[in-house]
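Q: Please find one structure pasted underneath; my questions will follow.
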Amino acid sequence: MKNRIVLLLALVGALAAQNWSVRLIPAPPTQFFIEQLWSCAITNTEEEPVDVRLYGWITHEGTEIAHARSNVITIPPGGKRIASADITSIQDEWYDPAYEEVVARRGALPAGVYTYCIRVEDESGAVLAENCREHRGITPSPPKLLAPPNGSKITEPQPTFVWTPPVPPPEGVTYRLRIVEIPEEMTPDEAISAAEPWFEEKGITNTSLQYPMDARPLEEDSEYAWQVTAWVGEFLVGASQTWLFGLKVEIPRLDSCQYYYDEKTGVMWHGIGHGGRVGVRKDSCTYVVTVDGVMYHTDGKTWTTVEMKKEDKCKLFVAKNGLFHFDGTRWVA
């Protein structure tokens, strides 16, 4: 009689387990991050929510190298996809000593072929579902920066940043470009990690990006650090080295009374005999004629062109840099 009861309980447990399944979500085709072990989809065809624990383990060449058991997770009718946020505590965590240090330092296993498994257990310890999956992990090389060259002084306010993909390039890889101004008290590597980003763009799918026109303008005489990181979903694949660049506006060589307006930077330059940049002040009301025969006016904030019509031909005007007449197309001294 006792044997019959045990057999009956076993059959009931087996029938209950038929209502459950667990599907392991494929890990990114790069390193195997430990948190990826818990990424799975559990199916529950029962009519009530059930509290379960997950038991996970990893093997390499047939030898177990890690295992752990999760906190209690409630699986509603129909099922639930488990993410790292659902794992709030870990019990019975163990690593083979050969892997313990690298996992603690990197959060991931070295490149290699692994089998990872999940077992779904109810509160009594009965197995409701179990599944395993193989992962072939490689460690791609990080992106390499190409342009602007390290330490260069660029003259283009909207430079194009270029880099190489990881090798081999993982499927679904995206890039994050980060640019910071380097504070005097920081090294470039410290700045790229700790300083407030001057510009940052995420989710880039190409290996180049032109600095956007509507982004915060790069400033002359400032030094910037930049870095590109490669990502597959939420997982960091690799980070490039940190390179430096600065912006240097080309100052045209002019006679002492000539003016030149740089449309890219919004800066008015005057001849070398007067020192270079023309400042604007709140109380200024200045008119100048540039070397290309265009008259500009500043209201103390920005420079704007003075529009002329053909019928204004022969009109005279005394600008800051001399007497000019309009010949129908341009101002002539």
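Values quoted throughout were computed directly from the atomic coordinates according to the rules given, and no laboratory measurement underlies them. As the structure is a prediction and not an experimental result, all values here were calculated from the model. Note that each Cβ is placed from the backbone with ideal geometry, even for glycine, and that neighbours are counted across all protein chains shown.
Q: Could you sort 166-172, 19-25, 225-231, 142-148 so that the peptide with the highest average Cβ count within 10 Å comes first and the rest follow in order?
A: Numbers: 166-172: 14.1, 19-25: 17.1, 225-231: 22.6, 142-148: 18.7.
Taking the mean over residues of other Cβ atoms within 10 Å, the ranking is 225-231, 142-148, 19-25, 166-172.
Q: Moving on. Taking every eigenvalue of the Cα gyration tensor of the range 27-122, multiplying by 5 and rooting it, what semi-axes result, largest first, whole Å?
A: Working: eigenvalues 139, 34, 28 Å².
Gyration-tensor ellipsoid for the range 27-122: 26, 13, 12 Å.
Q: Moving to a separate point now. Please state, to two decimals, what the Cα-based radius of gyration of the chain comes to when divided by 2.2 N^0.38 Å (N = residues). Write down the numbers at each step before the final one.
A: Values: Rg = 33.2 Å, N = 333, 2.2 N^0.38 = 20.0 Å.
Taking N as the residue count of the chain, the ratio is 1.66.
Q: Using only alpha carbon pairs under 8 Å that are at least six residues apart, calculate the relative contact order of the chain and give it in whole percent. Walk me through the numbers on the way to the answer.
A: On the way: 722 pairs, mean separation 38.8, N = 333.
About 12 percent, as a whole number.
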